[in-house]
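Contents: one structure, followed by commentary.
The values are calculated or read from the model by the stated rules, or taken from the named source; none is laboratory data. Computed from a predicted structure; not experimentally measured. Here the Cβ is made from the backbone with ideal geometry for all residues, glycine too, and neighbour counts use every protein chain on show.
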Amino acid sequence: MQAEINKVELRNLKIEDYKELKNSMIESYPEMVDDYWKETDIKKLLKIFPEGQLVILVDDIVVGSALSLIVDEDLVEKNHDYAKITGNYTFSTHTPKGEVLYGIDVFVVPKYRGLRLGRRLYDARKEICEQLNLKSIVFAGRIPNYSQYAQELTPKGYIDKVKRKEIHDPVLSFQLSNEFHVMRIMKNYLEGDKKSKEFAVLLEWNNIYYDESPQIINTTKSVIRLGLIQWQMRPLGNLEALFEQSEFFIDAVSGYGSDFAVFPELFIAPLMADYNHLSEADAIRELAKYAEPIRKRFQELAISYNINIITGSMPHLIDGTLYNSGFLCKRDGTYETYTKIHITPNEVFHWGITGGNAIQTFDTDCGKIGVIICYDVEFPELSRLMADEGMNILFVPFLTDTQNAYTRVKHCAQARAIENECYVAIAGCVGNLPKVNNMDIQYAQSAVFTPSDFAFPSNGVKAETTPNTEMTLIVDVDLDLLKELHEHGSVKILKDRRHDLYRIKKGRS
């Protein structure tokens with residue numbers, strides 16, 4: 001990645017963004033330096049269709065945009081060029097009663113390409129299309145690499161080879177991978193587009209939720225997809241090998257549209273093999289040097305794969321004190337830290353780890369969550385305090401060596417789901433590390449647990465992995481079911497507590 005990123009934000013365009021928007025347009029289209037949208041154009045777009053104009057910001061600077069109109073389907077079906085579809089750049093073709101969301105521009109500055117920011121813009125367009133109950137998204141995509149093949153291929157032949165992945169086109173290849181299909185070839189579409197020989201490909205994405213009768217579409221996301229990674233402990237040559245294996249799993253679960261990727265506790269332990277000649281206490285402190293590089297790389301992966309990542313845990317040295325901590329790397333580029341509070345006798349004796357002091361929940365784009373590490377799940381007070389703050393999903397990265405240790409984690413996690421009327425997701429490590437002291441064997445069966453009522457599985461288990469096998473677990477959880485449970489469940493555990501007799505409160509840290 002070209003630069004460290006602290007925050008990514010996708011939102012509607014404001015006129016105050018124009019100066020940065022202009023700079024990003026010029027940087028994105030250096031060959032068309034005088035053809036950027038003027039401020040009067042942007043003002044008009046914002047007046048007629050503000051919800052259709054999007055920008056993406058990196059560290060509060062505009063680095064990309066997607067601009068759109070709503071047009072009649074008949075206009076799209078007729079042969080047209082860029083001037084005609086935009087009403088000769090007046091946007092007079094826009095009509096709120098149209099059926100098609102027509103994309104008139106989309107770009108990301110070169111410095112930030114490769115982070116899938118363009119995909120975010122297109123995903124946001126799809127959401128707009130669904131929310132406004134429009135039939136489809138249509139736009140004419142450039143084919144900028146065609147000029148390299150124009151002597152030997154017709155536009156149709158070029159497109160066919162791009163479809164078969166025999167040729168890569170930076171625009172068309174991306175659109176095809178983003179679920180758009182080719183409608184037809186457009187000739188003389190954009191005057192001056194020499195790289196495309198003024199050809200374009202009319203592309204379409206169909207809204208499967210489209211209903212010819214107007215309806216209000218619920219825009220609040222209630223179904224959250226979790227991607228749990230049951231990690232195989234294996235020798236790793238270096239930190240890059242860990243990143244390669246981690247990215248493989250992040251890519252896999254994000255490919256299924258997961259909102260969260262969850263790693264286990266101390267999954268980075270294979271890197272400690274290089275320090276096996278040291279005492280256990282010294283070796284774990286050497287491993288702690290990887291915490292910040294891992295945090296930075298996982299922030300990049302969260303942005304690139306548009307997924308929230310719970311990094312399990314790792315030794316983390318702060319001001320000379322060793323903690324067992326992890327990071328919540330959000331897909332907006334920000335991160336937060338969580339720390340194991342209750343430390344096992346083994347961690348204290350062999351490694352000298354200290355417990356953290358913060359009991360907290362985290363706000364995400366999927367609602368409020370909690371994260372506690374392994375042994376912490378055996379202390380019900382923590383998750384009860386989180387439930388009082390509105391936590392709906394509790395994540396538990398864990399590492400257990402034996403089946404009886406796993407049984408404690410499993411049954412306590414199930415109890416936390418029932419008593420706090422929430423979902424609990426646990427993710428652990430499997431396999432063995434014969435060359436790492438105090439980390440010899442692991443036992444795990446990752447799972448997602450639910451409350452116990454009629455809307456949920458009768459055994460309280462939404463899904464679980466095969467024990468002791470490296471794999472992922474993709475699970476959908478419905479937050480609306482929790483709302484129903486809170487108000488109309490067979491029992492109302494959170495509501496029926498006797499606050500007149502007992503109460504749990506946070507102590508002073």
### Message
One residue is enough: does region 219-228 have a residue meeting the conditions assigned by TED's automatic domain parsing to the domain that holds ILE373, in contact (Cβ under 8 Å) with a residue 24 or more places away in the chain, surrounded by 19 or more Cβ atoms within 10 Å (Cβ to Cβ) and farther than 13 Å from VAL475 by Cα?
### Response
no
### Query
Applying the selection to region 421-450, what residues are under 23 Å from GLU347 (Cβ atoms) and in a strand (DSSP E or B)?
VAL424, ALA425, ILE426, ALA427, GLY428, CYS429, VAL430, GLY431, ASN432, ILE441, GLN442
### Query
Filtering region 202-230 down to residues that are modelled with pLDDT under 85 and among the charged types (D, E, K, R), which residue is farthest from the chain's Cα centre (by Cα)?
GLU212
### Message
What pairs come out if I take residues in region 472-486 that are in a helix (DSSP H, G or I) and pair them with residues that are loosely packed, with under 14 Cβ neighbours inside 10 Å and among the aliphatic types (A, V, I, L, M) whose C-beta lies under 7 Å away, six or more apart or interchain?
### Response
none
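Condition check ((1) of a type in the set (Val, Ile, Thr); (2) not in a helix (DSSP H, G or I)) across all residues:
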site	(1), (2)
LEU190	no, yes
ASP193	no, yes
ILE208	yes, yes
GLU212	no, yes
ILE224	yes, yes
ASP251	no, no
LEU278	no, yes
ILE284	yes, no
LEU301	no, no
### Summary
Of those in region 270-295 that are under 22 Å from ILE426 (Cα atoms) and at pLDDT 95 or above, the residue surrounded by the fewest Cβ atoms within 10 Å (Cβ to Cβ) is ARG295
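Kindly check whether there is at least one residue in region 262-269 that is at pLDDT 90 or above and over 26 Å from TYR406 (Cβ atoms).
no
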### Task
Could you please tell me which pairs satisfy a Cβ distance under 7 Å, a separation of 6+ or placement on different chains, a first residue in region 78-104 that is assigned by TED's automatic domain parsing to the domain that holds SER68 and within 12 Å of LYS44 (Cβ to Cβ), and a second residue that is of a type in the set (A, V, I, L, M) and assigned to a helix (DSSP H, G or I)?
TYR89/ALA83; PHE91/LEU45; PHE91/ILE48; HIS94/ILE48
### Query
Limited to region 266-282, what total is found for residues that are under 33 Å from the mean Cα position of the chain (by Cα) and either under 16 Å from CYS329 (Cβ atoms) or aliphatic (A, V, I, L, M) (or both)?
7
### Task
Name every residue in region 234-261 that is more than 24 Å from TYR406 (Cβ to Cβ), of a type in the set (Phe, Trp, Tyr) and touching a residue at least 12 places away in the same chain (Cβ under 8 Å), in order of residue number.
PHE243, TYR256
### Message
Let me confirm something: among GLY352, GLY367, GLY320, GLY333, which residue is of a type outside the set (A, V, I, L, M) and under 30 Å from LEU494 (Cβ atoms)?
### Response
GLY367
### Task
Starting from region 380-396, take each residue that is within 15 Å of VAL448 (Cβ to Cβ) and in the same structural domain as LEU328 (by TED's automatic domain parsing) and list its partners that are assigned to a helix (DSSP H, G or I) and of a type in the set (Gly, Ala, Ser), counting only C-beta distances under 7 angstrom and pairs at least six apart or across chains.
LEU394/SER383; VAL396/ALA413
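Each row is one residue, and each column tells you yes or no for (1) among the polar types (S, T, N, Q); (2) surrounded by 13 or more Cβ atoms within 10 Å (Cβ to Cβ); (3) touching a Leu at 6+ places or on another chain (Cβ under 6 Å); (4) outside any strand (DSSP E or B).
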residue	(1), (2), (3), (4)
LYS47	no, no, no, yes
GLY64	no, yes, yes, no
SER68	yes, yes, yes, no
VAL76	no, yes, no, yes
LYS84	no, yes, no, yes
GLY87	no, yes, no, yes
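When you look at GLY367, is it modelled with pLDDT under 95 and within 21 Å of ASP478 (Cα to Cα), yes or no? Step through it out loud before you land on a result.
Numbers: modelled with pLDDT under 95: yes; within 21 Å of ASP478 (Cα to Cα): yes.
So GLY367 fits the description; yes.
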### Query
Would you say ASP453 is under 31 Å from the mean Cα position of the chain (by Cα), of a type in the set (Asp, Glu) and in a helix (DSSP H, G or I)?
no
#### Entry: The one condition in (1) touching a Ser or Thr at 6+ places or on another chain (Cβ under 8 Å); (2) outside any helix (DSSP H, G or I) that MET386 fails to fulfil
(2)
### Message
Looking for something of a type in the set (D, E, K, R), assigned by TED's automatic domain parsing to the domain that holds LYS38 and more than 24 Å from PRO30 (Cα to Cα) - is there at least one such residue anywhere in region 175-194?
### Response
yes
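Quick grid of which residues meet (1) in a strand (DSSP E or B); (2) among the charged types (D, E, K, R); (3) over 28 Å from GLU300 (Cβ atoms):
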residue	(1), (2), (3)
TYR323	yes, no, no
LEU328	yes, no, no
ARG331	no, yes, no
THR337	yes, no, no
GLY356	no, no, no
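I'd like to know if region 136-152 contains one or more residues that are in a loop (DSSP other than H, G, I, E, B), in contact with an Asp or Glu (Cβ under 6 Å, 6 or more places away or on another chain) and crowded, with 21+ Cβ neighbours inside 10 Å.
Let us first name the residues in region 136-152 that are in a loop (DSSP other than H, G, I, E, B), namely 143-145, 149-152.
Restricting the remaining residues to those that are in contact with an Asp or Glu (Cβ under 6 Å, 6 or more places away or on another chain) gives 143, 145.
Adding the requirement that they be crowded, with 21+ Cβ neighbours inside 10 Å leaves 143.
Taking every residue of region 136-152 in turn, at least one turns out to be in a loop (DSSP other than H, G, I, E, B), in contact with an Asp or Glu (Cβ under 6 Å, 6 or more places away or on another chain) and crowded, with 21+ Cβ neighbours inside 10 Å.
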### Message
Which residue is surrounded by the most Cβ atoms within 10 Å (Cβ to Cβ), if the candidates are limited to region 342-394 and must be of a type in the set (Asp, Glu) and over 14 Å from GLY326 (Cα atoms)?
### Response
GLU347
### Message
Checking VAL182 against (1) modelled with pLDDT under 90; (2) part of a strand (DSSP E or B); (3) not hydroxyl-bearing (Ser, Thr, Tyr), only one condition comes out false. Which one?
### Response
(1)
### Task
Identify, from the list VAL436, VAL430, the residue that is over 29 Å from the mean Cα position of the chain (by Cα), under 17 Å from SER313 (Cβ atoms) and β-branched (Val, Ile, Thr).
VAL436
### Task
Taking THR466 as meeting all but one of (1) on the phi < 0 side of the Ramachandran plot; (2) surrounded by 15 or more Cβ atoms within 10 Å (Cβ to Cβ); (3) polar (S, T, N, Q), write down the number of the exception.
(2)
## Note on the structure
Here the qualifying pairs (Cβ atoms under 6 Å; residues six or more apart or on different chains; first in region 106-122 and within 17 Å of GLN53 (Cβ to Cβ); second assigned to a helix (DSSP H, G or I)) come out as VAL106/LEU121; PHE107/SER28; VAL108/LEU117; VAL108/GLY118
